[in-house]
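The values are calculated or read from the model by the stated rules, or taken from the named source; none is laboratory data. Since this is a predicted model, take the numbers as computed values, not measurements. In this analysis, Cβ positions are derived from the backbone assuming ideal geometry, glycine residues included, and neighbour counts consider all displayed protein chains. Just so you know, the surface numbers come from the protein's heavy atoms only, side chains and all, with ligands and any DNA or RNA stripped out. Shrake-Rupley method; radii C 1.70, N 1.55, O 1.52, S 1.80 Å.
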Amino acid sequence: MAKTQALNGTDLTPVKPHSQSATRQRGVVPSAELVPMQFKMPREFVRAFKVTAASNDMKFNELLKACFDAFMKSQQQVSC
C-alpha cells in the first residue's frame, strides 16, 4: 500500500511552466514598439525563408533583421 503525504496550500497552487517559445515571443523589443510590415514574396522564397529561420531557431523578424543588418554592413564597406 502506498504511503500518503500531507498536502498544504502551496502544493495545490497551479504552476504554469515557462516554455522557451513563450519567452522568445516577448523578444527584446516590447511589442508596443513594433510596427507591422506586409509584403508579398514568391512562394519558393517564403518556403526557403521559413526553413532557414526554423533551422537556425530564429523568428521571422529576427532573420529579416539579421539579413538587413548584413546588407547595411556590406553597403558601408562598399562606400568606403
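Any residue in the range 64-80 that is free of Cβ contacts under 8 Å to residues at least 12 places away in the same chain sitting within a Cβ distance under 7 Å of a residue that is surrounded by 10 or more Cβ atoms within 10 Å (Cβ to Cβ)? List the pairs, counting only those 6 or more apart or interchain.
none
List the residue pairs whose Cβ atoms are under 6 Å apart, where the first residue sits in the range 27-54 and is on the phi < 0 side of the Ramachandran plot, the second is open to solvent by 100 Å² or more (accessible area, probe 1.4 Å) and outside any loop (DSSP other than H, G, I, E, B), and the two are 6 or more positions apart or on different chains.
Cβ pairs passing all conditions: Ala53/Phe60.
Only one of Ala22, Ala6, Ala48 is surrounded by 10 or more Cβ atoms within 10 Å (Cβ to Cβ), modelled with pLDDT of 75 or more and among the hydrophobic types (A, V, I, L, M, F, W, C); which?
The match here is Ala48.
Right, Ala53: surrounded by 10 or more Cβ atoms within 10 Å (Cβ to Cβ) and modelled with pLDDT of 90 or more or not?
When the stated conditions are applied, Ala53 passes them.
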